[in-house]
Amino acid sequence: PPSSAAPTAPRTAAHATVPHPQTLGATATGSLAPGFSTQLTSTITSGKGRGLSGLGCPQPATAFTFNGASLASSHPDTLTVVNPGAEDATVDVDLADNNGPVSADAGKGMIIKAGTAQRIPLRSLTKSTSGTVSVSVLSRSGRVAAALQSVDSDNGSDWIPTAISASGLVVPGISSDVKDTVLTVYNPGIEDTTLNVRVSTGNGVITPAGHDTVDVAGGSVTTVDLGDITHGQPAAILLSPAPGSPSIDVSAGAEVTRGSTSSGTADTAFLAAAPEVGARGEAAGSGSSAGGSSLTTTVLLTAPGKKPAKAAVNGRSVSIPAGATVATKVDGGSAGPDGAVTVTTPSGAPAVYAARMLSANLGGTSAFTVQPLADDHGEVLRPAARDNDSVLFDDAGN
């Protein structure tokens, strides 16, 4: 039957500065619960891991996939698993690289005590020293939240967002000044597959030279260095099954770099295949500063379909040509010092994919971090109701 959207929750935002946080949790109740979102943003001005890091705090679930982590000695990557529930949770952590599953027996049957968090260095799970890996977290009992931080001794650090799985994917959030993009695709199935690789730019969809397809064997990870694919334009990566290839679910992500590694000004961010924005997507923590540094907020919007699309960013309408990606800056007054970015799309309109980038100059480092935006479920559909006397009975049961 026809349905209507319930009233949206009142929009409000706040921030707190926490020195050297370990694990933070937040719970919303009542009218603030629909669409509630939180963000952790941190700055490191020098040394290993320098740059800007951001994490849209995950909700408890039973499965997470992270693409683009590393077991190399220069990458002390760390997985954090939190069990906010009242019962212990049993979790499996699986790794895969370009050769298939990585032996990681230490990740099987891990017990996460109720109300606790466990930090797990990836290299503690295996003797492998593989480069790029995908990390899968599966809870066999209970719901957990998981997050993965990657640290590169040369190119800064950031959190890797969890990726969705589907036969066709969009990886949004490549800014126009990105110098290098490394695509990672994970095929958790047993069948091999080939994917078409396309790039949505400001002028529409293009095929990256020499990288029009990517082959991904079952159970393995494929990494492709796409180089400088932006040519000074905002972009997103589009993946779809190649003709004649089986249509199977895969997941994907990308590591993007701004600045120069040789001059010590580089920073890295991680992107992930994301769902479309839907009715409304939000990213918290879009204020004017972090750690004393001035922040610039940019929203990147992609319309991968054959029809132009529209979206509203904090109430301001933005048009997106068919197949294109556009970038729009959010001024400090719009987001506010404690503010958030809200992206909405009209019901029934062409799909829009979005990501929010925070950037800053940290002692010469081109620091940045990117988080995907997805439907925040701040609106719920309720069935239409009408009078129906047939459901009533008298005292005699008639």
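The values are calculated or read from the model by the stated rules, or taken from the named source; none is laboratory data. For clarity, every value in this text was computed on a predicted model and none was experimentally measured. In this analysis, Cβ positions are derived from the backbone assuming ideal geometry, glycine residues included, and neighbour counts consider all displayed protein chains.
In table form, for the structure just shown:
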item	result
Residue within segment 122-138 that is in contact with a strand residue (DSSP E or B) (Cβ under 6 Å, 6 or more places away or on another chain) and charged (D, E, K, R) present	no
Qualifying residue in segment 342-363 (condition: in contact with a helix residue (DSSP H, G or I) (Cβ under 9 Å, 6 or more places away or on another chain) and part of a strand (DSSP E or B))	no
Scope segment 70-114; condition farther than 23 Å from V144 by Cα, part of a strand (DSSP E or B) and among the small types (G, A, S); matching residues	G100
In segment 150-164, residue farthest from A269 (Cα to Cα) [restricted to those that are surrounded by fewer than 21 Cβ atoms within 10 Å (Cβ to Cβ) and out of contact with any Lys or Arg (no Cβ under 8 Å at 6 or more places or on another chain)]	I164
In segment 125-149, the residues that are over 15 Å from A96 (Cα atoms) and surrounded by fewer than 18 Cβ atoms within 10 Å (Cβ to Cβ)	R140, S141, R143
Top-ranked residue of segment 115-142 - restricted to ones that are assigned to a loop (DSSP other than H, G, I, E, B) and either touching a His at 6+ places or on another chain (Cβ under 6 Å) or farther than 26 Å from L24 by Cα (or both), ranked as modelled with the highest pLDDT	T126
Filter pass, A254 being more than 26 Å from G339 (Cβ to Cβ), modelled with pLDDT of 95 or more and in contact with a Leu (Cβ under 8 Å, 6 or more places away or on another chain)	yes
Filter result for the condition that a residue is more than 16 Å from the chain's Cα centre (by Cα) and over 22 Å from V182 (Cβ atoms), over T223, T296, T257, T265	T296
Condition met for A104 (more than 18 Å from L271 (Cβ to Cβ) and over 23 Å from the mean Cα position of the chain (by Cα))	yes
Test: S334 is at pLDDT below 80 and either in a loop (DSSP other than H, G, I, E, B) or surrounded by 12 or more Cβ atoms within 10 Å (Cβ to Cβ) (or both)	yes
Residue list for segment 280-324, filter: of a type in the set (A, V, I, L, M), in a loop (DSSP other than H, G, I, E, B), buried (at least 21 other Cβ atoms within 10 Å of the Cβ) and at pLDDT 95 or above	A303, A324
Residue match in segment 153-176 (condition: in a strand (DSSP E or B), of a type outside the set (A, V, I, L, M), farther than 28 Å from Y353 by Cβ and over 18 Å from the mean Cα position of the chain (by Cα))	no
When residues of segment 258-279 are limited to those that are outside any loop (DSSP other than H, G, I, E, B) and modelled with pLDDT of 95 or more, the one surrounded by the fewest Cβ atoms within 10 Å (Cβ to Cβ)	A272
Residue in segment 173-190 that is at positive phi and free of Cβ contacts under 8 Å to residues at least 40 places away in the same chain present	no
Of all residues making up segment 102-141, the number that are in contact (Cβ under 8 Å) with a residue 40 or more places away in the chain, of a type in the set (G, A, S) and closer than 19 Å to S70 by Cα	5
